[in-house]
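Here is the structure we will look at, set down as structure tokens.
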Amino acid sequence: MKAALDHVVPQDQSIVFTLTAPIRLPAKTAAAIEALVRDGLDGRDIRTTLHGNHVQLRRVAGVSAEMPRVAGFVHNQPSDGEHILDLAQARLLERK
């Protein structure tokens, strides 16, 4: 998925997503996430269910070139995907 999205995500941005475990249909879920990113995230988080998995996506702007452009996190159902996105965003925006 990272290779497929690297050319879609601008240099100063990153896409962060969370996905609940277990991943029921990995290839189809990855393709659906890629399609959501390609269709554009217009400054808002996306929350949806893809093939039985809860997915949240966020575009983070102002990211330095050393940071990854795509980062995904798989978590258990009771965990808060929003909190994971917030932590990832904070890390991506850190300046060294």
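Residues in segment 36-44 carry Karplus couplings, in order, of 4, 5, 4, 5, x, 10, 8, x, 10 Hz; the curve used is 6.51 cos²θ - 1.76 cosθ + 1.60 with θ = phi - 60°, and Gly or Pro positions show x.
Taking 0.36 nm per intervening residue step and subtracting the Cα-Cα distance, what contour gain separates Glu82 from Arg38 on full extension? Working shown, then result.
Numbers: separation 44, 0.36 × 44 = 15.84 nm, distance 2.15 nm.
Roughly 13.7 nm would be gained on extension.
Between helix 81-92 and the chain there is an angle of about 20 degrees, using the helix long axis and the longest principal axis of the Cα atoms.
Treating r as the C-beta distance of Asp45 and Val8 and R0 as 22 Å, the FRET efficiency rounds to 0.80. Label positions at Leu93 and Ser64, each projected 7 Å from the Cα along the C-beta direction, are separated by 1.6 nm. Its Cα gyration tensor gives segment 20-67 an equivalent ellipsoid, and the semi-axes of that ellipsoid, as √(5λ) in whole Å with the largest first, are 22, 12, 10. Entry note, the chain: relative contact order of 41 percent, from Cα contacts under 8 Å with a spacing of 6+ residues. Positive-end ranking of Ser64, Ile33, Gly81 along the dipole of segment 10-84, with charges on Cβ about the Cα centre, is headed by Ile33. Pair-distance distribution P(r) for the chain, from all Cα-Cα distances in 10 Å bins starting at 0: 16, 52, 29, 3 percent. Calculated [222 nm] ellipticity per residue, helices only, for the chain: -9500 deg cm²/dmol; basis is -39500 (n - 2.57) per DSSP H run with n ≥ 4, divided by all residues, nearest 500.
Scanning residues 5 or more positions from Phe73 or on other chains, those with amide H under 5 Å from its amide H are Phe17, Thr18, Leu19, with H placed 1.01 Å from N in the peptide plane.
All of the numbers you see were taken from the coordinates with simple rules; none came from a lab. Computed from a predicted structure; not experimentally measured. Because the Cβ atoms are built from the backbone with ideal geometry, glycine has one as well, and the counts that use them run over all protein chains shown.
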